[in-house]
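We did not get these values from a lab; they are worked out from the coordinates using the rules stated. Since the structure is predicted, the reported quantities are computational estimates derived from the model, not experimental observations. Counting neighbours? That spans all protein chains shown, and the Cβs are built from the backbone with ideal geometry, glycine included.
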Amino acid sequence: MSIEEKIKAIEEEIQKTPYNKATSHHIGKLKAKISKLKEEQIKRSSGGSKGEGFHIKKSGDATAVLVGFPSVGKSTLLNELTNAESKVGAYQFTTLEIIPGVMEYNNAQIQIFDIPGIITGAAGGKGRGKEILSVARTADLIIVVLDTLNPQHLNVILKELDNVGVRPNQTKPDVRIKKTRKGGVNVSTTVPLTYLDEKTIRSIINEYGIHNADVLFRDDVTIDQFIDVIEDNKSYVPMMILLNKVDLVDLDYLKELQKEIPEFIPISADKKLNIDALKEEIFDRVDLIRVYLKPQGRKADMEDPLVIRRGSTVIDACEKLHREFVKNFRHAKIWGTSVKFPGQKVGPDHVLEDEDVLRIILKK
């Protein structure tokens, strides 16, 4: 029996099994089996193939990837957003390799990748889809591009991303699993569990060969989310949805679509509609901040800020500037919203905010 046949047989068994407290542990075990088989399927589909054209080199302050079916206008959009020259054609599979471009906005350089259009079954290896979709796992932002006349493709794209281990717009569940030498599986929780009971938890975790562990839940998670935690190989990436070619439809059509897809950005890459607003949204979604540097005895450089990720500390900023700044760091002074008063003295772990002014004092 092939992997596909095994997966189908287990899925059919799940569908036939009524879900209740008495059967949840059995369903959890079956879902764990499916997840393990899908991982094996992905490994087999990519095993031994070198895959030309899908080795990417990251640069800039953040990375985003355009994901969509063939001929939805990703190449045209990339050309509008960046300095790339992606081949454009009104036929399928125009893009046969990953094409990078750089979008410069608010002093940030955001690298955007145009990947070949995905097809149904991509995560299982069709059309070299596993290699293609792997780019989305390491991106800072996934930009799903839909054809206005084919919005149903969103469900296929989400399924393919899920199958390759991407969890768009989700946060990693706060569940800790600490393996022990003996004592069985001990479960503790700080929140009420809606979807899992101790029998289900033990059934799932035993399927992965773990028979002794302390499991702590700080989040209420589903069976699928708990399996993700055990496997610990999923990627949690922000995602935005674009509806391209809106120049071909009327406003009533778009209002109807909002019932199915509540949050999308309407654009027309070909007609250059809403491109500036899209650039601003991309900048906001990759969560960058600007920090202005103030050398000793001089005014702050308000023209060329240091662009770093939100949540970065003073020492993170030093690391991006030069390793000597880290080695010889003494303290820093901040002017901005992250401090209580202008020129406040801070240490290396102080978290910076957007448009802070930073002066770094080094050891003499």
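Normalising the average separation of contacting C-alpha pairs (under 8 angstrom, six or more residues apart) by the number of residues puts the relative contact order of region 288-362 at 39 percent.
Net charge near residue 344, counting Lys/Arg +1 and Asp/Glu -1 over other residues with Cβ under 12 Å of its Cβ? Walk me through the intermediate numbers first.
On the way: positive: 333, 340, 345, 359; negative: 356.
Net of charged neighbours comes to +3.
Restricting region 236-330 to trypsin sites (Lys or Arg not before Pro) that sit in a DSSP loop and have at most 14 other Cβ atoms within 10 Å of their own Cβ leaves 271, 272, 298, 299, 310. Considering only 321, 257, 77, the Gaussian network model of the chain with Cα springs below 10 Å gives its largest mean-square fluctuation to 321.
Comparing 332, 269, 136, which has the greatest mean-square fluctuation in the GNM of the chain with Cα pairs linked when under 10 Å apart? Top of the fluctuation ranking is 332.
Mind running the shape call on region 288-362? Use the C-alpha gyration tensor, a ≥ b ≥ c as the square roots of the eigenvalues: rounded below 1.5 for a/c, prolate if a/b tops b/c, oblate otherwise.
On the way: a/c = 1.17, a/b = 1.10, b/c = 1.06.
It is rounded, given that a/c, with a ≥ b ≥ c, falls under 1.5.
Taking 293, 141, 248 in turn, the Gaussian network model of the chain (Cα-Cα springs below 10 Å) assigns the largest fluctuation to 248. Structure note, pairs 31/255; 294/364; 179/199; 16/159; 38/245: Cα-Cα distances above 26 angstrom occur for 31/255; 38/245.
Mind putting a number on the dipole of the chain about its Cα centre? Charges go on the C-beta only, +1 for Lys and Arg and -1 for Asp and Glu, and I need it in Debye to the nearest 20.
On the way: 55 positive and 53 negative charges, 378 e Å.
Around 1820 debye, computed over the chain.
Listed by chain and number, the aspartates and glutamates whose alpha-carbon sits under 17 Å from that of residue 333, ignoring those within fewer than 8 places in the same chain, are 301, 316, 319, 349, 353, 354, 355, 356.
Going by the alpha-carbon gyration tensor, a ≥ b ≥ c the square roots of its eigenvalues, is the chain rounded (a/c under 1.5) or, if a/c is not under 1.5, prolate (a/b greater than b/c) versus oblate? Cα axes put the chain in the oblate bin.
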